[in-house]
Amino acid sequence: MHLVFSPTLCPDLLLPEVLDLAKAAGFSRIELFRAYTESTPVHRDWSVPMVRNAIANAGLQLAGFNIRNLTGRKADSDERNLAYNLRQLEWDIHLGRALGVKTLNTKGGARTDEALADLIEGVNT
């Protein structure tokens, strides 16, 4: 069993600070989030190799990557567009592969019949 550090505990910290905190707290594994935290690997000052190297140099292993939610809607608007949302998730999956992570997770959208239908269709696409 592995206990994994989650940056949701400190959502305002950037990746280097999160890595330092996880290491100082005795963790050997960390998860990253595509959204919801400032430590996201999607940052204008970071490349994928820089993120991988920073994690390795901290002596940590990337155990998981939380990708955008499968909501059936565009990320930048509330427009229902499952195909667009699936392309966003596909990009996140490619990013996860480039980071070398083997475990990705996502969740659905609002607790509505429409969102549930989009989640089911999206997972089965």
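The values are calculated or read from the model by the stated rules, or taken from the named source; none is laboratory data. Computed from a predicted structure; not experimentally measured. Cβ sites come from the backbone with ideal geometry, for glycine too, and all protein chains shown count toward neighbours.
Mind listing whichever residues of region 45-90 are β-branched (Val, Ile, Thr) and not in a loop (DSSP other than H, G, I, E, B)? Residues satisfying the conditions are Val48, Val51, Ile55.
Residues are listed down the side, and each one gets a yes or a no for (1) polar (S, T, N, Q); (2) in contact with a strand residue (DSSP E or B) (Cβ under 8 Å, 6 or more places away or on another chain):
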residue: Pro7; (1), (2): no, yes
residue: Leu21; (1), (2): no, yes
residue: Gly26; (1), (2): no, no
residue: Val48; (1), (2): no, no
residue: Asn69; (1), (2): yes, yes
residue: Ala83; (1), (2): no, no
residue: Leu95; (1), (2): no, yes
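Scanning region 40-53 for residues that are within 18 Å of Trp91 (Cα to Cα) and either free of Cβ contacts under 8 Å to residues at least 40 places away in the same chain or among the β-branched types (Val, Ile, Thr) (or both) gives Thr40, Val42, His43, Arg44, Trp46, Ser47, Val48, Pro49, Val51.
Residues in region 74-113 that are more than 25 Å from Ala56 (Cβ to Cβ), surrounded by 13 or more Cβ atoms within 10 Å (Cβ to Cβ) and charged (D, E, K, R): Lys74, Arg80.
Number of residues in region 35-78 that are touching a Leu at 6+ places or on another chain (Cβ under 9 Å), closer than 30 Å to Asp113 by Cβ and either modelled with pLDDT under 95 or not small (Gly, Ala, Ser) (or both) equals 9.
Select from region 1-44 the residues that are within 18 Å of Asn105 (Cα to Cα) and assigned to a helix (DSSP H, G or I) and write down the one among them that is farthest from the chain's Cα centre (by Cα). That would be Leu9. Quick check on region 93-107. Is at least one of its residues assigned to a loop (DSSP other than H, G, I, E, B) and more than 17 Å from the chain's Cα centre (by Cα)? The answer is no, given that none of the residues of region 93-107 is assigned to a loop (DSSP other than H, G, I, E, B) and more than 17 Å from the chain's Cα centre (by Cα).
The condition (being without any contact (Cβ under 8 Å) to a residue 60 or more places away in the chain and either in contact with a Lys or Arg (Cβ under 6 Å, 6 or more places away or on another chain) or buried (at least 19 other Cβ atoms within 10 Å of the Cβ) (or both)) is satisfied by just one residue among Pro7, Pro16: Pro7.
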